[in-house]
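Undergrad: One structure, as structure tokens, below. Some questions next.
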Amino acid sequence: MEEVKLLGAWPSPFCYRIIWALKLKGIDYEYVEEDLFNKSDLLLHYNPIHKKIPVLVHNGKPISESTVILEYIEETWPHNPLISNDDPYEKAKARFWTKFIDEKEPIFFAFFQSVGEEQEKATKEAKKVLKVIEDYGVGESRKFLGGEKVGMADLALGWISGWLEGMEEALGVKLLEPQSFPMLMAWIKNFRDVPQIRDNFPDRDQLLIYFKGLRESLTLYIRKFQFSFMVENHLQSLLLFLNIIDEMWPQNPLLLPDDPNERAIARFWMKYVDDQREQFLRFWKTTGEEQEKATRDVRNVLRVLEENGLGDKKFFGVTT
Ligand SMILES: N[C@@H](CCC(=O)N[C@@H](CS)C(=O)NCC(=O)O)C(=O)O
């Protein structure tokens, strides 16, 4: 009997990505609600690096990072595919959009967290991102990002179908104007009509209360902190290319191991290194106090790589 456990927290859109994927595949699982202000030993044990939900535990093995978990689910239970066919190019496109959406989320957090000029800037940036998805992602001929069926990239984007509205209402600022984003509006309707999505969606009023409360507590700190964010002009990344190379030329898989759990671990570390680029750039670009801080952050990253990533192993891509 398989054991599938999901550590989550109800308002988390990252967590819903996993819930939807499991529901679409019809996988039974046990859901464990985490209190993120008082994290359980289980969460700290299973995700010692980020200490974040969601974490999927499959037969005792933990997998973290929602996009890595989605790939794991797809490989472990290939029926009702989330990446719709065997065409490496279609797969690459699905991964491209999943990554694009994932990378742009900080912009929407900045939108939610900032005030005044910062917020105006964040609103513009967030609209630009939505416009890219409107123009290039959800075309007229496609019901979903992945084609006719809801797929991995759609699950990644799912948060705009409810959470974004909660943020907008809590702030009193609208991003998704129907006249400017007709395709995205149609996409939201299509997405919400999928039974597994519709039946597993947080309550609208609860979300609104949650975002209003969050905004109130944030405003206490808002003036103290500067929230900065960066929009990357180039859309390609090393991780995406590595995945494509492995998909196109599967012989002698140089990058990803065969075992789904080991693949998830390898993808986790690839993503971790990719995500930390910013820290190294700061270390390189800054001076004085800022550089001291960047130095500490970089040391922490190196320590995580040393202790959690390598340990006694020779390379990151192997288990022993
Ligand atoms: N990149 C992560 C993000 C997960 C994430 O940010 N989770 C939040 C909840 S929405 C969390 O656990 N926060 C706890 C914390 O930051 O301490 C993913 O895709 O899984």
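The values are calculated or read from the model by the stated rules, or taken from the named source; none is laboratory data. No experiment lies behind these values; they were computed from the predicted model shown. Cβ: placed from backbone, ideal geometry, glycine included. Neighbour counts: every protein chain shown.
Residue by residue, here is whether (1) crowded, with 18+ Cβ neighbours inside 10 Å; (2) modelled with pLDDT of 75 or more holds:
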site: P250; (1), (2): no, no
site: Y272; (1), (2): yes, yes
site: D275; (1), (2): no, yes
site: R282; (1), (2): no, yes
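Undergrad: If you don't mind, another one. Could you grab the pairs with beta carbons closer than 9 Å, sequence gap of 6+ or different chains, first residue in segment 201-224 and among the aliphatic types (A, V, I, L, M) and modelled with pLDDT under 95, second one surrounded by fewer than 11 Cβ atoms within 10 Å (Cβ to Cβ) and not in a loop (DSSP other than H, G, I, E, B)?
TA: Listed pairs, sorted by first residue: none to list.
Undergrad: Could you please let me know if E71 is in the same structural domain as F14 (by the TED database) and among the acidic types (D, E)?
TA: Taking the combined requirement at face value, the residue satisfies it.
Undergrad: I'd like the full set of residues that are within 11 Å of the ligand (Cβ to nearest atom), outside any loop (DSSP other than H, G, I, E, B) and within 16 Å of the chain's Cα centre (by Cα), limited to segment 1-53.
TA: The answer is L7, G8, P13, F14, C15, Y16, R17, I18.
Undergrad: Does E65 meet the test of being within 11 Å of the ligand (Cβ to nearest atom) and surrounded by 16 or more Cβ atoms within 10 Å (Cβ to Cβ)?
TA: Details: within 11 Å of the ligand (Cβ to nearest atom): yes; surrounded by 16 or more Cβ atoms within 10 Å (Cβ to Cβ): yes.
The answer is yes for E65.
Undergrad: Would you check if K189 is more than 19 Å from the chain's Cα centre (by Cα), farther than 30 Å from N80 by Cβ and modelled with pLDDT of 95 or more?
TA: no
Undergrad: Determine if segment 69-86 includes at least one residue that is more than 28 Å from D297 (Cβ to Cβ), at pLDDT below 95 and either within 11 Å of the ligand (Cβ to nearest atom) or hydroxyl-bearing (S, T, Y) (or both).
TA: Yes: one or more hits.
Undergrad: In the list A9, A21, which residue meets the criterion of being crowded, with 20+ Cβ neighbours inside 10 Å, outside the structural domain of Y210 (by the TED database), out of contact with any Phe, Trp or Tyr (no Cβ under 6 Å at 6 or more places or on another chain) and among the small types (G, A, S)? Quick ask: steps written out before the conclusion?
TA: On the way: A9 fails: crowded, with 20+ Cβ neighbours inside 10 Å.
Just a single option satisfies the conditions, and that option is A21.
Undergrad: Also: Going by the structure shown, is F96 closer than 29 Å to G166 by Cβ and within 16 Å of the ligand (Cβ to nearest atom)?
TA: Numbers: closer than 29 Å to G166 by Cβ: yes; within 16 Å of the ligand (Cβ to nearest atom): no.
Spelling it out, it is not the case that F96 is closer than 29 Å to G166 by Cβ and within 16 Å of the ligand (Cβ to nearest atom).
Undergrad: Give the residue, chosen from E177, E148, that is under 26 Å from I209 (Cβ atoms), at pLDDT below 95 and more than 16 Å from the ligand (Cβ to nearest atom).
TA: Among E177, E148, only E177 is under 26 Å from I209 (Cβ atoms), at pLDDT below 95 and more than 16 Å from the ligand (Cβ to nearest atom).
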